[in-house]
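The block underneath contains the structure these notes are about, expressed in structure tokens.
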């Protein structure tokens with residue numbers, strides 16, 4: 001990324017961080033069920049996941065969590081997210097998954113995976129999005145492989161608001177707006193066995209897809225608002 005792009009991303013990240021704070025401060029979030037958040041259940045690091053298009057309120061969902069790293073892509077939008085997350089006090093790991101073997105090196109997929117695995121084996125949780133790259137609301141295998149390699153659990157979450165704009169783009173993104181009502185719902189932990197085979201990994205991906213859809217439906221139901 002060129003210097004001008006880096007400066008633009010940093011400026012946009014600052015604006016995004018300020019906007020996320022505005023949304024968090026002006027939204028009336030329903031209290032999370034006591035003991036539901038991962039760090040309230042156990043002190044071990046965890047993998048937190050939601051859909052790519054529903055990640056805007058991740059900072060609200062992780063409010064109060066101990067050390068956490070966030071995976072951000074190498075693209076300009078990833079740099080904006082990285083800047084915003086660093087301002088919020090999170091560690092950022094750069095890289096992303098891909099369905100093309102030719103692009104693995106360019107996207108820094110392997111080094112990012114190793115960095116996340118080592119963070120989880122230490123004292124740091126990791127925030128990821130669940131989707132297959134450029135395929136909306138179909139869970140990929142990357143986080144499952146990460147859970148298998150690290151031995152840490154996956155926790156899924158849905159963070160939604162009544163005040164939002166739903167976009168008709170590839171990831172069906174929702175842009176949270178200020179002055180609404182909000183809700184955060186967490187799943188039970190999902191562990192992946194170190195000896196899990198391809199069939200088990202594929203079934204786990206299907207389970208994550210179903211659970212995330214259920215969590216988002218539940219969160220909207222809690223708010224008395226249809227998704």
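The values are calculated or read from the model by the stated rules, or taken from the named source; none is laboratory data. Values in this document were obtained by computation on a predicted structure and should not be read as measured data. No Cβ is skipped: glycine too gets one built from the backbone with ideal geometry, and neighbour counts run over all protein chains shown.
Results, tabulated for the structure shown:
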{"read-out": "The range 194-206 - residue that is assigned to a helix (DSSP H, G or I) and in contact (Cβ under 8 Å) with a residue 24 or more places away in the chain and, of those, surrounded by the fewest Cβ atoms within 10 Å (Cβ to Cβ)", "value": "206"}
{"read-out": "Test: residue in the range 185-193 that is in a strand (DSSP E or B), more than 17 Å from residue 53 (Cβ to Cβ) and modelled with pLDDT of 95 or more", "value": "yes"}
{"read-out": "Meets criteria (under 25 Å from residue 209 (Cα atoms) and free of Cβ contacts under 8 Å to residues at least 12 places away in the same chain) for residue 44", "value": "no"}
{"read-out": "Qualifying residue in the range 1-19 (condition: touching a residue at least 24 places away in the same chain (Cβ under 8 Å), out of contact with any strand residue (DSSP E or B) (no Cβ under 8 Å at 6 or more places or on another chain), outside any helix (DSSP H, G or I) and more than 30 Å from residue 191 (Cβ to Cβ))", "value": "yes"}
{"read-out": "Residue among 160, 126, 184 that is in contact (Cβ under 8 Å) with a residue 24 or more places away in the chain, more than 22 Å from residue 67 (Cβ to Cβ) and buried (at least 16 other Cβ atoms within 10 Å of the Cβ)", "value": "160"}
{"read-out": "Residue check for residue 65: under 26 Å from residue 183 (Cβ atoms), in a loop (DSSP other than H, G, I, E, B), in contact with a helix residue (DSSP H, G or I) (Cβ under 9 Å, 6 or more places away or on another chain) and touching a residue at least 40 places away in the same chain (Cβ under 8 Å)", "value": "yes"}
{"read-out": "Any chance residue 181 is out of contact with any helix residue (DSSP H, G or I) (no Cβ under 9 Å at 6 or more places or on another chain) and under 16 Å from residue 22 (Cα atoms)", "value": "yes"}
{"read-out": "Selection status of residue 34, outside any helix (DSSP H, G or I), farther than 28 Å from residue 168 by Cα and modelled with pLDDT under 95", "value": "yes"}
{"read-out": "Residue identified as exposed (fewer than 15 other Cβ atoms within 10 Å of the Cβ) and in a helix (DSSP H, G or I) among 221, 145", "value": "221"}
